[in-house]
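Okay, so here's the structure we're looking at.
The values are calculated or read from the model by the stated rules, or taken from the named source; none is laboratory data. This structure is a prediction, so every number in the text was calculated from the model and none was measured. Note that we place each Cβ from the backbone using ideal geometry, even for glycine, and neighbour counts take in every protein chain shown.
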Amino acid sequence: MSAVTTQRAFRANAAATDPVLEIKNLSVDYGYDEDPTHVLRQVSLTLNRGEVLGLAGESGCGKSTLAYAATRLLPPPGLITGGEVVFTDRDGQQTDILTLNDQELRATRWQDLAIVFQGAMNSLNPVYRIGRQIADGIAAHLPGVTKKEALERAAGMLELVGISADRLRDYPHQLSGGMRQRVMIAMALALDPQVLIMDEPTTALDVVMQRQIVEQIAELRDRLGFSVIFITHDVSLLIEIADRIAIMYAGEIVEDASAQDMYRRPRHPYSDALLHSFPPLRGPRRELTGIPGSPPDMSNLPTGCPYRTRCAHVFDACAAITPELVAPAVEGDDPRRSVACLRHDPATVAAAGFEPQPVPVELQVR
Amino acid sequence: MSSPHEEDPPVLQAIDLRKHFPVRGFRSQKVVHAVDDVNLSLYRGKVVALVGESGSGKSTIARLLAQLMPVTGGQILLHGQDATVKNRRAFHQYVRKVQMIFQDPFGSLNPVHTVRYMLTRSLKIHRGRLRGVELEAALEELLDRVQLRPAARYIDKFPHELSGGQRQRVAIARALAADPEVLLADEPISMLDVSIRLGILNLLRDLRDRLQLAILYITHDIASARYFADTTMVMYAGRVVEKGDSESVTQDPKHPYTQLLVRSAPDPDDLEARARGARGEAPSLVAPPAGCRFNPRCPFANDVCRTEVPPLISVGEGREAACWGYADREDRPSLGSVLDAYGERPTVDATLLAIVKEDDR
């Protein structure tokens with residue numbers, strides 16, 4: 001077994017019992033009127049210390065909303081209607097981010113949780129030099145630090161992400177897209193946060209640059225030991241860099257498994273279809289179909305399982321019962337993984353008076 | 001997938017295509033070398049993919065071929081005839097044959113018009129006065145071709161009532177209304193949801209087969225070029241660096257840049273074979289490097305690469321690569337494996353890291 005794989009396996013085991021961020025039953029609505037759209041419905045997700053958790057799904061499935069709600073960055077008309085987000089500090093102290101007041105929240109941001117937003121082009125202020133933008137954040141959180149020290153620290157951060165320190169006095173427009181994205185990462189890491197949330201950090205970049213950024217994140221994570229929530233629609237990229245992957249569909253998590261399990265042994269029909277939506281660069285060339293239909297309208301979801309209108313394995317119970325996350329009904333599966341599909345949940349199906357159906361063959365690959 | 005037959009003449013051909021954009025500024029003589037010396041042929045019923053990173057000039061080529069802007073140098077031939085348009089009328093004649101689909105179906109459809117209006121307008125412009133039953137039949141046929149069935153469900157919709165994939169289908173239908181011979185598709189799937197991208201590619205492939213369209217498919221995703229295109233051309237900094245049938249270009253890339261590109265794409269099956277430590281970025285096109293434009297990033301570059309521009313050199317059946325490493329001359333650079341050359345991970349200075357960690361406590 002290769003060094004990389006061993007290392008990954010080791011990390012996955014070590015991380016299993018040490019949560020740093022726990023999202024519990026988080027619900028988010030858009031709109032304040034009588035009939036709001038429920039964009040997140042009782043989502044629970046745990047991020048372990050030192051882990052890279054990938055969050056994948058189509059646009060509009062709520063993956064960015066989840067990240068923003070968990071950090072209280074949700075813009076109106078987004079409204080958190082329930083749940084809690086528990087952050088565990090390095091010394092074991094727990095705080096619910098959703099109950100913090102403004103001042104505490106300000107202190108938490110950057111220091112404990114940092115976000116790298118989608119589109120680095122728009123995240124930097126075009127009229128300030130990048131050195132000052134990084135130093136500002138440092139100065140705001142560490143009051144004892146002088147301006148000079150903060151700038152030195154900013155220079156160090158730039159070197160850390162592979163930009164030479166003499167670019168400190170550059171304006172954002174003097175940097176290329178890839179470099180701006182790295183400046184954003186440097187900024188996010190400047191206060192040594194414990195959780196880094198990256199919202200499509202590489203979508204606007206070409207593959208060579210994407211590879212460089214991703215390698216850099218992996219490298220820094222190994223050395224600095226932060227945890228990452230990596231949001232993207234590119235599942236093949238996630239399989240490479242994430243330890244664990246959660247797939248979202250229509251505001252719910254439909255499957256949660258380790259990266260290799262997700263890739264080799266997907267259990268939810270949607271995960272399986274999503275994995276086969278990308279033409280492969282290697283291996284045999286074959287006809288692919290994508291997923292029929294389009295993502296559901298969140299304000300007008302079908303009853304039961306939201307994926308049933310596009311699913312190839314739909315049966316009568318799917319329209320009546322909303323599936324919950326359960327352990328997959330395939331023997332020998334990792335007990336920590338879960339899937340929200342009625343094919344894996346015969347007990348619930350039987351209890352509701354329907355005939356349980358077996359798990360389709362292609363979803364029980366060992 | 002064989003390379004196009006020589007006896008079948010190309011529908012649309014570009015010879016030594018060149019586009020330079022002037023750089024603004026007082027008495028500025030500088031230009032951006034967006035496209036240089038590009039030769040390209042589109043054949044009936046064949047798809048040519050143009051792959052490259054952003055800023056490599058691939059969209060500029062599409063716009064030049066659509067004659068949305070004048071060329072700086074070179075020629076565009078339609079059925080072997082010079083097709084450079086000089087007036088509105090000639091342009092009108094030209095676009096009847098060569099149609100374009102844009103990247104963003106949200107921006108390319110006018111939000112205040114219905115599908116019916118947009119398609120009718122295109123039909124009237126390109127096919128003359130159609131009325132009543134004839135018009136209805138033509139509209140229905142168009143929507144049927146792009147698999148929006150039943151037509152009645154979509155015909156009176158506004159763009160905002162349609163999903164991204166449906167909108168892109170309407171944009172394709174509008175292009176087909178002219179009954180073109182050539183379709184220029186500029187990143188037709190990159191703005192769409194991952195689950196419906198393949199649907200659009202399969203539709204375009206179906207149109208290629210049924211209507212014998214010549215398609216230019218522009219993309220930054222080399223895997224989709226492999227899936228969809230017969231021939232793949234790879235661009236770097238305004239020049240074509242490699243050309244050949246899609247399967248061999250992606251499976252056995254010859255040019256160091258193509259190798260880097262293929263090795264950089266995520267591939268869950270093969271976590272080790274990664275071009276890891278690749279550094280550097282595409283060069284400035286205002287003052288492109290002398291010689292091969294990839295030479296500042298290329299691990300194998302030598303003096304030849306830094307002084308002389310490499311031509312496209314034959315590297316196998318129907319394949320060409322613009323790299324001196326394949327030239328038959330004494331002073332050529334020796335090519336090695338990109339994997340070895342880029343095998344190192346980027347290293348972070350440990351002392352620096354210690355400082356950063358220390359400050360924090």
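Quick notes on this structure:
- When the range A:236-261 is filtered for residues that are over 27 Å from residue B:203 (Cβ atoms) and facing chain B (nearest Cβ under 7 Å), the ones remaining, listed by number, are A:239, A:240.
- Candidates are the residues of the range A:60-97 that are among the aliphatic types (A, V, I, L, M) and within 16 Å of the chain's Cα centre (by Cα); the one that is nearest to residue A:33 (Cα to Cα) is A:74.
- Members of the range B:41-77 found to be within 20 Å of residue B:221 (Cβ to Cβ) and of a type in the set (S, T, N, Q), listed by number: B:54, B:56, B:59, B:60
- Residues of the range A:345-366 that are surrounded by 20 or more Cβ atoms within 10 Å (Cβ to Cβ) and closer than 20 Å to residue A:42 by Cα: A:345 alone.
- Residue check for residue A:271: surrounded by 17 or more Cβ atoms within 10 Å (Cβ to Cβ) and closer than 30 Å to residue B:263 by Cα: yes
- Residue A:163 being in contact with a Lys or Arg (Cβ under 7 Å, 6 or more places away or on another chain) and among the β-branched types (Val, Ile, Thr): yes
- Single residue of the range A:214-233 satisfying the filter (crowded, with 19+ Cβ neighbours inside 10 Å and not in a helix (DSSP H, G or I)) that is modelled with the lowest pLDDT: A:233
- Some residue of the range A:166-177 being buried (at least 19 other Cβ atoms within 10 Å of the Cβ) and under 25 Å from the mean Cα position of the chain (by Cα): no
Residues checked against (1) touching a strand residue (DSSP E or B) at 6+ places or on another chain (Cβ under 6 Å); (2) within 23 Å of residue B:54 (Cα to Cα); (3) surrounded by 19 or more Cβ atoms within 10 Å (Cβ to Cβ):
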site: A:144; (1), (2), (3): no, no, no
site: A:148; (1), (2), (3): no, no, no
site: A:155; (1), (2), (3): no, no, yes
site: A:181; (1), (2), (3): no, yes, yes
site: A:207; (1), (2), (3): no, yes, yes
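- Scope the range B:286-314; condition touching a Cys at 6+ places or on another chain (Cβ under 8 Å), of a type in the set (A, V, I, L, M, F, W, C) and surrounded by fewer than 20 Cβ atoms within 10 Å (Cβ to Cβ); matching residues: B:309, B:313
- Selection within the range A:36-58 - within 19 Å of residue A:226 (Cα to Cα) and out of contact with any Gly (no Cβ under 7 Å at 6 or more places or on another chain): A:45, A:46, A:47, A:48, A:49, A:51, A:52, A:53, A:54, A:55
- Residue within the range B:275-284 that is among the basic types (Lys, Arg) and at pLDDT 85 or above present: no
- The range A:59-172 holds strands (runs of 3 or more DSSP E) entirely within its bounds, and those carrying 3 or more residues that are under 21 Å from residue A:230 (Cβ atoms) map to A:78-88, A:113-116.
- From the options A:264, A:211, residue that is surrounded by fewer than 24 Cβ atoms within 10 Å (Cβ to Cβ) and within 12 Å of chain B (Cβ to nearest Cβ): A:264
- One residue from A:245, A:239 being at pLDDT 90 or above, out of contact with any Lys or Arg (no Cβ under 7 Å at 6 or more places or on another chain) and either not in a strand (DSSP E or B) or not charged (D, E, K, R) (or both): A:245
- Residue A:185 meets each of the listed conditions (1) away from every other protein chain (no Cβ under 13 Å); (2) under 30 Å from residue A:69 (Cβ atoms); (3) surrounded by 15 or more Cβ atoms within 10 Å (Cβ to Cβ); (4) of a type in the set (A, V, I, L, M, F, W, C) apart from (1).
- Complete set of residues in the range B:172-195 that are of a type in the set (Val, Ile, Thr) and either in a helix (DSSP H, G or I) or within 18 Å of residue B:147 (Cα to Cα) (or both): B:172, B:189, B:194
- If you filter the range A:16-52 down to residues that are touching an Asp or Glu at 6+ places or on another chain (Cβ under 7 Å) and within 21 Å of residue A:196 (Cα to Cα), you find that the one that is surrounded by the most Cβ atoms within 10 Å (Cβ to Cβ) is A:52.
- Beta carbons closer than 8 Å, at least 6 apart along the sequence or on distinct chains, pair a first residue in the range A:151-167 that is under 13 Å from residue A:220 (Cα atoms) with a second that is part of a loop (DSSP other than H, G, I, E, B) for A:157/A:190; A:158/A:164; A:159/B:349; A:160/B:348; A:160/B:349; A:162/B:279; A:162/B:346.
- Subset tally (residues that are within 14 Å of chain A (Cβ to nearest Cβ), closer than 24 Å to residue B:214 by Cα and of a type in the set (A, V, I, L, M)) for the range B:143-169: 1
To keep it simple, each residue is scored yes or no on (1) small (Gly, Ala, Ser); (2) touching a residue at least 12 places away in the same chain (Cβ under 8 Å); (3) more than 9 Å from chain B (Cβ to nearest Cβ); (4) part of a helix (DSSP H, G or I).
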{"site": "A:274", "(1), (2), (3), (4)": "no, yes, no, yes"}
{"site": "A:283", "(1), (2), (3), (4)": "yes, no, no, no"}
{"site": "A:287", "(1), (2), (3), (4)": "no, no, no, no"}
{"site": "A:299", "(1), (2), (3), (4)": "yes, yes, yes, no"}
{"site": "A:303", "(1), (2), (3), (4)": "no, yes, yes, no"}
{"site": "A:306", "(1), (2), (3), (4)": "no, yes, yes, no"}
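Conditions (1) modelled with pLDDT under 90; (2) small (Gly, Ala, Ser), marked per residue:
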site: A:287; (1), (2): yes, no
site: A:290; (1), (2): yes, yes
site: A:297; (1), (2): yes, no
site: A:300; (1), (2): yes, no
site: A:325; (1), (2): no, no
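- Pairs linking a residue in the range A:339-366 that is farther than 18 Å from residue A:258 by Cβ to a residue that is of a type in the set (Asp, Glu) and part of a loop (DSSP other than H, G, I, E, B), with Cβ atoms under 8 Å and 6 or more positions apart or on different chains, are A:345/A:324; A:348/A:324; A:349/A:355.
- Just one of the listed residues (B:121, B:149, B:208, B:169) is of a type in the set (Lys, Arg) and outside any helix (DSSP H, G or I), and it is B:149.
- Count of residues meeting criterion [under 17 Å from the mean Cα position of the chain (by Cα) and outside any strand (DSSP E or B)] in the range B:240-261: 7
- Matching residues in the range A:308-322 - criterion: being free of Cβ contacts under 8 Å to residues at least 24 places away in the same chain, in a loop (DSSP other than H, G, I, E, B) and more than 14 Å from chain B (Cβ to nearest Cβ): A:308, A:314, A:322
- Residue count for the range B:19-43, restricted to those that are surrounded by fewer than 17 Cβ atoms within 10 Å (Cβ to Cβ), among the basic types (Lys, Arg), over 20 Å from residue A:176 (Cβ atoms) and in contact (Cβ under 8 Å) with a residue 12 or more places away in the chain: 0.
Every residue, every condition in (1) closer than 18 Å to residue B:42 by Cα; (2) surrounded by 23 or more Cβ atoms within 10 Å (Cβ to Cβ); (3) within 12 Å of chain A (Cβ to nearest Cβ); (4) modelled with pLDDT under 95, yes or no:
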{"site": "B:205", "(1), (2), (3), (4)": "yes, no, yes, yes"}
{"site": "B:212", "(1), (2), (3), (4)": "yes, no, no, yes"}
{"site": "B:216", "(1), (2), (3), (4)": "yes, yes, no, no"}
{"site": "B:221", "(1), (2), (3), (4)": "no, no, yes, yes"}
{"site": "B:236", "(1), (2), (3), (4)": "no, yes, yes, yes"}
